[in-house]
Amino acid sequence: MLFKKANGQVSEVDAWKASVVILGPSDGAESILSQFTSAEISSMMQWAQTQQSANGSINLVNWPGWKDACGRLHLDAGRAREVAAALLARLAASSTL
């Protein structure tokens, strides 16, 4: 199987020897996995190693930790919006324009 990294490098991967392969988009797109904590990634990998599959692939959509991880990301994003809005409000209030 061919595997293409985000930087465009292509390599041959023997899917039968790989413990875990995560495929995703390229062209500078950021994977949601890059925002996961090390504990979340570790949990996902441990779960994947316990799964059985007839064709050797594991569907990560079935990982039971998605709800909590995505919930945390939503809360983090919401907090970032609050901080940005407060900063913009302070800048607007102190502006002499």
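Throughout, read-outs are computed from the coordinates displayed, never taken from laboratory work. Everything numeric here is computed off the predicted structure, so don't read it as measured data. Using ideal geometry, Cβ is built from the backbone for each residue, glycine included, and neighbour counts are taken over all protein chains shown.
Judged by the gyration tensor of its Cα atoms, with axes a ≥ b ≥ c, region 32-95 is prolate; a/c meets the 1.5 cut and a/b is the larger of a/b and b/c.
Each residue, Glu12 and Gln49, gets one label point 7 Å from its Cα in the Cβ direction; the gap between the two is 2.8 nm. Scoring 39-45, 83-89, 59-65, 49-55 by mean Cβ neighbours within 10 Å over their residues and listing the highest first yields 39-45, 59-65, 83-89, 49-55.
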